[in-house]
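Q: This is the structure I want to talk about, given as structure tokens.
The values are calculated or read from the model by the stated rules, or taken from the named source; none is laboratory data. Only a predicted model underlies this, so the values are computations on that prediction, with no experimental measurement involved. Cβ coordinates were reconstructed from backbone atoms using ideal geometry, including for glycine residues, and neighbour counts include every protein chain displayed.
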Amino acid sequence: MSQSIKRRSFLKGSLAATTAIAIPMQAMAADKVKMGVLLPSPEADVGWSRTLMEGVRSVQEAYGDALEVTVLENIAEGPDADRIANGLVGEGHDVLLLGSFGYQNGGIQIAKRRRDVSIIHASGFMVEPNFAPFTAKYWQGTYLMGMAAASLTKTKKLGCVGAFAIPELITSINSFMLGARSVDPEIEITVVWVNSWFDPASEQEAAKALISQDVDVIFSNAQDTPSVIAVAEEAGVYAWNLNSSMKSYATKKYLGVVGTDWGPHFKRLVDGHVAGDFKGDNYWLGMEDDIVYTADWNPDIPADMQAKINARQAEIKGGTFDVFKGPLIDQSGTERVADGVVMTDGEILSMDWHVAGVISPLPS
Amino acid sequence: MSALEFLLAGTLAAALPLLLAALGEMVVEKTGLLNLGLEGMMALGAAIAFICVYHSGSHSFGFLAASLAGATLAMLFAFLVIFLKANEVASGLAVGVLGLGLSALFGKNYESLTISGLSEFGLPALSKIPVIGPALFTQDIVVWLAITGTMVLWYILNKTKLGLIIAAVGENVEAARAIGYPVGGIRCAAVAFGGGMCGLAGAYASTVYTPLWADGMIAGRGWIALALVVFGTWQTGRVAFGAVLFGVLSLGELTAQAIGVAIPSQVLSSLPYFVTILMLVAISRHRRHSS
């Protein structure tokens, strides 16, 4: 075929085509929501991206055909992500879920330019009327893990393999310590920072190094792979993690999981978008919002301790027990929070010190 | 298990992926080429090996497939550089990025699955030595094979005609051509060998060392292996020493934290890289003085 399309007739044709498509699109827009999801890592059997996608799927189930979801995995943070997010909006997606901190700046720009697009963003701090970050209060659950660990440790040495020493991870460790010491005040925690979000080999070696120091319960703090959990099972020490259960990798020694279920939160926000009252706010969600939960408790935990843990969980959920309530002493023995004083959300969000009992120095 | 035993037991395994990849690249560089695609060839080997072992349960099959995958990808580099005369830095980087992409593609459905590693066994007599024996001389079979292989490679490069031919191609290509050696063919073979070794290194990482597949699990070790070749001044023994030293330092960093040494962890994490830089400086100073 050697027929050439004249530019003018081509333009005419395409104009006609777009209007033809646009009319039914507008008619549909009222009842159909298009949601775009950007994930920082591939969706695996476990881990962060998986947890987010489970939340998205529960919204999808509730909406059925009225919600169309486009998922893009393994998107590097930075200009590439900004370009892709813009592309999604250009294709008519009116709800965006940006699944990583580093998508924040690009997301904010879209939010400012397109007030009709609602954006849900993971673990950031910037807020716009149509831009809502969310973070989990993991520490509510890690306190309970501390109680469980204290009832099972024989050496009174607990360990933690951490990614980077940032407040979110530090509060989880501090709360783990406070929970453990609420049962046995002699317990200590050693922390090994891998200084990488993703290096299964180093995570595994860090766990082995802790085990060589007689640590018998390990907290795998913010790792997306089951490397730490698998090593612990092999060595016969207890281990637990955040976000999604890794029990299948450690059938005997899995202590439990502090999980997150983002479904209810995503659903509320999408509902808000549909109703036209999406509320941009910094959502800091915990057990009281049905976002943070605990599951897969190890049956080795003594029954009376399990009962205490359940009771404490009910108190945290009911708001009658505060984990970060004074007196709180730091590593050097200085009192940081006075007796009876409860730390504010802002103080917890920027916590840069370890409570007494965490023996590893905090990287400065 | 004490901290010392942990170090002794873990060092060789931590060093092995670096050792294999670095020795392969050393042979490539000895023939006068530079393949920067180590990271990608290792990642591809890791993904292929994991998939094969996951389905067949046979580690030998996984290692074989991984070495073939690494060699195949390396042949693409050889084709670009030797036959098409493309720029070797750009070609190496391109092949590396391609390898990373392919590993992510093939490994997509195997993300975070696990398999069982290889059992370890002790060398007779040596593993009976008190304290260090059980830790140092109880390793998996790949470690023993790699140590043997390193010695064989040293022998070939230093004591055989083949070793001299490789050196001739790398050091004086005109002379090698004049004598009538098939320079292109020898370089191709060396590149394929290097790719195969990277494939094996990846296979060890994903099926024995940390028996799981996760996209990006090589985590920069290909680049460290590349630096180790220079660090070892293209000599088998020194490259092997460098790999072991790097293994000790990377484990020592974690051990120091676990025993509670009051040094910031970032300083400890950067220690292996810092020592590499120091060694490179020391080597170049030494050369300047001796020349």
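Q: State yes or no: is A:I301 modelled with pLDDT of 95 or more, β-branched (V, I, T) and in a helix (DSSP H, G or I)?
A: For A:I301, the condition - modelled with pLDDT of 95 or more, β-branched (V, I, T) and in a helix (DSSP H, G or I) - is not met.
Q: Do the conditions hold for B:G107, that is, is it within 14 Å of chain A (Cβ to nearest Cβ), over 17 Å from B:L200 (Cβ atoms) and touching a residue at least 60 places away in the same chain (Cβ under 8 Å)?
A: yes
Q: To continue, here is another question. For the stretch B:131-233, please list each of the helices (runs of 4 or more DSSP H) lying entirely inside it that holds at least 3 residues being within 14 Å of another protein chain (Cβ to nearest Cβ).
A: Of the helices (runs of 4 or more DSSP H) lying wholly inside the stretch B:131-233, those with at least 3 residues that are within 14 Å of another protein chain (Cβ to nearest Cβ) span B:183-204, B:221-231.
Q: Of all residues in the stretch B:209-234, count the ones that are more than 22 Å from A:N195 (Cα to Cα), out of contact with any Gly (no Cβ under 6 Å at 6 or more places or on another chain) and without any contact (Cβ under 8 Å) to a residue 60 or more places away in the chain.
A: Count: 2.
Q: Would you check which residues across the stretch A:332-364 are surrounded by fewer than 16 Cβ atoms within 10 Å (Cβ to Cβ), among the polar types (S, T, N, Q) and under 26 Å from B:G260 (Cα atoms) and list them?
A: Of everything in the stretch A:332-364, those that are surrounded by fewer than 16 Cβ atoms within 10 Å (Cβ to Cβ), among the polar types (S, T, N, Q) and under 26 Å from B:G260 (Cα atoms) turn out to be A:S332, A:T334, A:S350, A:S364.
Q: Taking the residues in the stretch A:182-212 that are over 22 Å from B:L271 (Cβ atoms) and out of contact with any helix residue (DSSP H, G or I) (no Cβ under 9 Å at 6 or more places or on another chain) as candidates, determine which candidate is farthest from the other protein chains (Cβ to nearest Cβ).
A: Top of the filtered list is A:P185.
Q: Being within 12 Å of chain B (Cβ to nearest Cβ) and touching an Asp or Glu at 6+ places or on another chain (Cβ under 9 Å) is the filter here, so list the residues in the stretch A:213-234 that pass it.
A: Answer for the stretch A:213-234, where residues must be within 12 Å of chain B (Cβ to nearest Cβ) and touching an Asp or Glu at 6+ places or on another chain (Cβ under 9 Å): A:Q223, A:T225, A:P226, A:S227, A:V228, A:V231.
Q: So which pairs qualify, if the first residue must be in the stretch B:269-282 and within 14 Å of another protein chain (Cβ to nearest Cβ), the second must be among the charged types (D, E, K, R), the Cβ gap must be under 8 Å, and the two must be at least 6 apart or on different chains?
A: That search, which allows pairs on different chains as well, returns B:S269/B:E253; B:L271/B:E253; B:P272/B:E253.
Q: Within the stretch A:282-316, track down each residue that is of a type in the set (G, A, S) and surrounded by fewer than 15 Cβ atoms within 10 Å (Cβ to Cβ).
A: Those that are of a type in the set (G, A, S) and surrounded by fewer than 15 Cβ atoms within 10 Å (Cβ to Cβ): A:A295, A:A303, A:A307, A:A311, A:A314.
Q: Report yes if some residue within the stretch B:25-37 is within 14 Å of chain A (Cβ to nearest Cβ), in contact (Cβ under 8 Å) with a residue 40 or more places away in the chain, within 19 Å of the chain's Cα centre (by Cα) and assigned to a helix (DSSP H, G or I); otherwise report no. Don't jump to the end; show me each part of the working.
A: Here is the first cut: in the stretch B:25-37, the ones within 14 Å of chain A (Cβ to nearest Cβ) are none.
Taking every residue of the stretch B:25-37 in turn, none turns out to be within 14 Å of chain A (Cβ to nearest Cβ), in contact (Cβ under 8 Å) with a residue 40 or more places away in the chain, within 19 Å of the chain's Cα centre (by Cα) and assigned to a helix (DSSP H, G or I).
Q: Pairs please, first residue from the stretch A:248-262 and assigned to a strand (DSSP E or B), second anywhere and surrounded by fewer than 22 Cβ atoms within 10 Å (Cβ to Cβ) and among the acidic types (D, E), Cβ atoms under 6 Å, 6+ apart in sequence or on different chains.
A: Pairs found: A:G256/A:D296; A:V257/A:D296.
Q: Listed residues B:S112, B:S127; which is touching a strand residue (DSSP E or B) at 6+ places or on another chain (Cβ under 7 Å) and either more than 30 Å from B:A214 (Cα to Cα) or at pLDDT 95 or above (or both)?
A: On inspection, the qualifying residue turns out to be B:S127.
Q: Return only the number of the condition from (1) surrounded by fewer than 18 Cβ atoms within 10 Å (Cβ to Cβ); (2) among the hydrophobic types (A, V, I, L, M, F, W, C); (3) at pLDDT 95 or above that B:L20 does not satisfy.
A: Every condition holds for B:L20 apart from (1).
Q: Okay, next question. Is it true that A:V89 is among the β-branched types (V, I, T) and either at positive phi or buried (at least 22 other Cβ atoms within 10 Å of the Cβ) (or both)?
A: Taking the combined requirement at face value, the residue does not satisfy it.
Q: Here is a further query. Report whether or not B:L12 is assigned to a helix (DSSP H, G or I), under 19 Å from the mean Cα position of the chain (by Cα) and surrounded by fewer than 24 Cβ atoms within 10 Å (Cβ to Cβ).
A: Yes, satisfied.
Q: Same structure, new question: Test A:T251 against the criterion of being polar (S, T, N, Q) and buried (at least 19 other Cβ atoms within 10 Å of the Cβ), and give yes or no.
A: No; evaluated as a whole, the condition is false for this residue.
Q: Do the conditions hold for A:G146, that is, is it within 14 Å of chain B (Cβ to nearest Cβ), among the small types (G, A, S) and buried (at least 21 other Cβ atoms within 10 Å of the Cβ)?
A: no
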